[in-house]
Each structure stands twice: as C-alpha cells, then as structure tokens.
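Shown next, in structure tokens, is the structure this report addresses.
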Amino acid sequence: MKHEKMNMKPETRNAKPEIRNAKPRFNFLQILSLSMGFLGIQFGYALQNANASRILQTFGADIEQLSWFWLAAPITGMIIQPIIGHYSDHTWTRLGRRRPFFLAGAILAAIALILMPNAGVFASFLPAMFVGAGFLMIMDASFNVAMEPFRALVADMLPADQSTLGFSIQTFLIGVGAVIGSWLPYILAEWIGISKVSTNGGIPDNVVFSFYIGAVVMILTILWTVFTTKEYSPEELARFNADKEIVVEEKSKFSDIFRDILAMPKTMKQLGLVQFFSWIALFGMWVFTTPAVAQHVYGLAVSDTKSSLYQDAGNWVGIIFGVYNGVAMIYALLLPSIAHKIGRKLTHSLSLTAGAIGLLSIYFITNPTNLIFSMIGVGMAWGSILSMPYAILAPALPLRKMGIYMGIFNIFITVPQIVNGIFGGMIVKRLFDSQAIYALIMSGCFLLIAAISVIWVEDKQEFTI
C-alpha cells in the first residue's frame, strides 16, 4: 500500500530524529487539526446532553422514564465502540484506518440531530416520545462511531512524550464545542429572538434550529481533520514501534474482541473502577439536572414541564452546562503542567473531588445565577475525565491494539450509565418522591468514591507530558 504523506508535515519530518524510529513530533496547530473533529462531535453531544431530557418530557416522558430512554446511549456505545475499535485496527483504506469510521459516524449523527427535535412529525406512526428516544439512540450510536477512532488516532500519531498534551488539546476542543452547543438555544432565544415556547406544544424553534446548526458544525469539523491529517501506513507504525504484527495482510476475527477483553492490561482494569464511579455520576447529572433545577431552584412542580418558566430553566441548564465545559476547556490546557508537578493520579483525584463538591453544592442554591459557581468544580472534573485516564492508559497499551483497547475501555463508561439508567429513575421517583435534586447529590458522592479509587491505579509514565 502506497503511503500518503501528511498534508501538515510534522515539524521534524525532515530532521534526523534523536531516537531511531521515533515518531516525529507535532506542533500545537498540527495536534489541533488532528482532533478538530472532536469539536463538532462534542457540539452535537452537548446539544443532546442539555436538551434530550426536556425534549422527551415535552413529548410526554415521566421523570422515572427519563433514565430509561437515556439507556439507549450507553447500550449502543457499549456494543459499538469495541467493534469499531477492533475493525479500525485492521482496516486500511486510502483514507487510512481511523478516518473512514469517524466520517461515517459524523454523517449519521448529523441526520439524527436534524430528526430528533422533529420526532412529532412521525407521531402518526408511533408516539413521539418513542420516536424521539429512537433518534436519541441513533444519534448516540453515531457519536460513538465517530468518537472512539479519534482517541486511537491521537495515540497512533503522537510520540509517547506528547500523549498528555494531545489528549489535553482534544479536551480543549471538546470544551469549545460543548460551550457553544450548550449555549446555543439560550443565545438564539434571548439574543436573536427566536421563539423559546412552541405554540402547538412541540419543541421550541430555538432548540430545533440549534440542532440544525449542530449538524452542520459536526460535518465541517470532521472534514477538517479528514483533509488535514493523513495517517501512518502499517509499515511506518511497525517501524516506529518495532511491531512486525502491524501489516496490511494481518487478518482478524470478531472473536478476537473477547480474547482481548480477557487480556486487558492491569492499568486498564484499575482505571475501570475509577471510570465506573465517574461516569455513573456524570450520567445522573446529565439526565436529572434539568428537572432538578426546575424543581429545586425555580420552584416548579414535578408535573410542570411545558410552561415558559420550565423552558427558562431548561435554557439556563444549557448555560451552566456551557460553563462547566468552558472551565474544562481552559483547565485542559493547564493539566499537562499540573500533572508534571504533582503526578497524573493526584491531578485526576483532586479534579474529581472538585467536581463532587460542585454537585453537592447545588442542594444549597436557590438563585439560578449561583449555579455557575457549582459548575466550576464540575468543569475541573470533566476536563480531567476526558484526558487524564486516556493519558495514563495509552502508554500501557500495545500500539497494534490501540483501537480495540480504547473501544473496550469504553465499556467502563457505558456500564455505569446503564446501571444508573435502569435504577436511577426508579430511585428518584420511589425513594425521593420525584425530587431530582437527590440524583445530583448521589452523583457528587460517586465522584468522591472515584477520586479515592485513583490511588490504586498504576501509572507507567507518571511524568510524561
């Protein structure tokens, strides 16, 4: 297979490397382009996180049912990501091995973004609530198809001593996309004047147009990475890593996925516990923040899901979600320096603790503006969750199986969401009398457990930046 040279050549491509067969180093702009598509993915993901619950409640979902509908996302992710990771490890095309997958995922996700807020159009065939949940499943499955290869692409292309920087820049781009995506419905309603209340009981125009814009942004940013980054050939990867198993003729079987799960590295198993408690907390926050803020801060009744004040609460949740993503965006750029000084494990533990404090503080807030301060801690946790576990994990993985193990690692993200999805709604309704604020308190406690569990993780390159 003839290797395609990179459009944006690494700065040391033509220089003699200090270490034989070492990967060329990338500059800041090259790493930025490498992960630019993640900006679009997170733009759409932020729209989903901030608005899916109120869309489903507008279509008639009960608060107990919310977490059940959200189950579609982690279940599809748990199934799809290991499969995509496995086949992207063994797929070599003119576009490379990672790019075909995140390009296909972006196209499917864009279609789902357009259709989900218009689920009411299909009400003559099925209840709009179930149609919306179906599009939520398709959307999240597509996000997963696009997302996993991006993690592996950074590990493929960057030398080990730039891994933390690479994942931190990726988190920075995630933050940019998430801030804009989270704030867009509020901006369209309050600054531009697009209606925030539907006259026919459907989804407000500001939310609908936000999803349309998200679809366009996703496609454009994915294309940016596709056209500016060319992947290394199998022969180059073998030379960089003295790994002769990375060849074009390599054959793989689907059953290899199960073998790789059993043989996962020790560091990956240890991080699994941290990820479990981190993501069970995040899932609870995403599902229940809108009803929690509407009830606990705005003083609305549990059944009030279509009033103008409820839409105000939903729009404000988008704003505070944008705040935590904005904090994560800035914090991600500081993480390499912080990790170099105090270690990656302690950095991650302290960040998770800050997130726990942020979530627990919401219980004591009655002024919506003060929720911004709570989101500062959440943003620190989110920024670390998106980068530190991957920076710790990458050096412990064999490069020839980077895709499959990044996909398997996603199981530690999806399983806790499934657990919360099954039981979270029932606990809130039956144990807490539908007061969603207690779901956020549980999430804060889970983050504290995650912060403690980091202590037992083995980091093979503690001070690599």
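General remarks:
Table: residues versus (1) at pLDDT below 85; (2) of a type in the set (Val, Ile, Thr); (3) in contact with a His (Cβ under 7 Å, 6 or more places away or on another chain).
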position: 378; (1), (2), (3): no, yes, no
position: 395; (1), (2), (3): yes, no, no
position: 404; (1), (2), (3): yes, yes, yes
position: 408; (1), (2), (3): yes, yes, no
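- Taking the stretch 356-394 as the range and being part of a helix (DSSP H, G or I), more than 21 Å from the chain's Cα centre (by Cα) and touching a residue at least 60 places away in the same chain (Cβ under 8 Å) as the test, the residues that pass are 357, 360, 362, 363, 368, 371.
- Applying the criterion of being among the small types (Gly, Ala, Ser) and in a loop (DSSP other than H, G, I, E, B) to the residues of the stretch 292-322, the residue that is surrounded by the fewest Cβ atoms within 10 Å (Cβ to Cβ) is 303.
- Flag for residue 331 being within 30 Å of residue 55 (Cα to Cα), modelled with pLDDT of 90 or more and of a type outside the set (A, V, I, L, M, F, W, C): no
- Count of the stretch 292-312 residues, restricted to those that are at pLDDT below 90 and at negative phi, is 13.
- Residue check, residue 143 buried (at least 24 other Cβ atoms within 10 Å of the Cβ), in a helix (DSSP H, G or I), among the aromatic types (Phe, Trp, Tyr) and on the phi < 0 side of the Ramachandran plot: yes
- Some residue of the stretch 190-203 being surrounded by 22 or more Cβ atoms within 10 Å (Cβ to Cβ) and not in a loop (DSSP other than H, G, I, E, B): no
- Failed item, numbered, when residue 131 is tested on (1) in contact with a Phe, Trp or Tyr (Cβ under 9 Å, 6 or more places away or on another chain); (2) closer than 24 Å to residue 328 by Cβ: (2)
- Candidate set: the stretch 157-181, residues that are of a type outside the set (A, V, I, L, M) and modelled with pLDDT of 85 or more; chosen: the one farthest from residue 393 (Cα to Cα): 181
- Scope the stretch 165-224; condition free of Cβ contacts under 8 Å to residues at least 24 places away in the same chain and at positive phi; matching residues: 193
- In the stretch 277-299, of all residues being touching a Phe, Trp or Tyr at 6+ places or on another chain (Cβ under 6 Å) and not β-branched (Val, Ile, Thr), the one that is nearest to residue 318 (Cα to Cα) corresponds to 294.
- Listed by first and then second residue, the pairs with beta-carbon distance under 6 Å, at least 6 apart or on different chains, first residue in the stretch 433-458 and free of Cβ contacts under 8 Å to residues at least 12 places away in the same chain and within 15 Å of residue 360 (Cβ to Cβ), second in a helix (DSSP H, G or I) and among the hydrophobic types (A, V, I, L, M, F, W, C), form an empty list.
- Any hit, the stretch 444-453, residues being at pLDDT below 85 and crowded, with 23+ Cβ neighbours inside 10 Å: no
- If you filter the stretch 454-465 down to residues that are in contact with a Pro (Cβ under 8 Å, 6 or more places away or on another chain) and of a type outside the set (Lys, Arg), you find that the one that is modelled with the lowest pLDDT is 465.
- Number of residues in the stretch 359-397 that are of a type in the set (S, T, N, Q) and under 30 Å from residue 265 (Cβ atoms) equals 2.
- Note on the stretch 109-146: residues that are hydrophobic (A, V, I, L, M, F, W, C) and at pLDDT 75 or above total 17.
The values are calculated or read from the model by the stated rules, or taken from the named source; none is laboratory data. Everything numeric here is computed off the predicted structure, so don't read it as measured data. Cβ coordinates were reconstructed from backbone atoms using ideal geometry, including for glycine residues, and neighbour counts include every protein chain displayed.
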